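Take a look at the structure below.
What follows draws every value from the coordinates through simple rules; no lab data is involved. None of these values were measured; they are calculated from a predicted model. Backbone-built Cβ (ideal geometry, glycine too); neighbour counts: all protein chains shown.
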Amino acid sequence: MKGKYRVNINYDWCKRCGICYWVCPTKTIIRGELDVPKVEDHDRCVGCLMCENLCPDFAVDVVQVEAKAGEKR
């Protein structure tokens, strides 16, 4: 069973280079309008941290979130 993760993007730091959505194996981060990275479904994230580790601007932060009561992990 995998953990749950949330991908946070700091748009003040992001220069829209596209590395995060090109390296994301699950396409959690996708290319939005004007090349702005966006996340539509955080549940797709497997926590591989490729986006966070390869972002040259340190604009991506992947955090593990706690499962809610009664929710399967």
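Quick notes on this structure:
- In order through segment 11-22: 3J(HN,Hα) via Karplus (6.51 cos²θ - 1.76 cosθ + 1.60), integer Hz, x for Gly, Pro: 5, 6, 9, 5, 9, 6, 6, x, 4, 4, 7, 6
- Correct choice for P(r) over Cα pairs in 10 Å bins from 0, in percent that was computed from the model, options [x] 20, 59, 21, 0; [y] 21, 52, 21, 6; [z] 22, 62, 15, 1: [y]
- Between the amide H of residue 4 and those of 65, distances stay under 5 Å, these residues lying 5 or more places away or on another chain, with hydrogens modeled in the peptide plane.
- Rounded to the nearest whole Hz, the Karplus-based 3J(HN,Hα) values (6.51 cos²θ - 1.76 cosθ + 1.60, θ = phi - 60°) of segment 27-40 follow the sequence 6, 5, 9, 10, 7, x, 4, 6, 6, 6, x, 9, 10, 9, with x at glycine and proline.
- Each of 51, 67, 13 was scored by the projection of its Cα onto the charge dipole of the chain, and the greatest displacement toward the positive side belongs to 67; charges sit on the C-beta of Lys, Arg, Asp and Glu.
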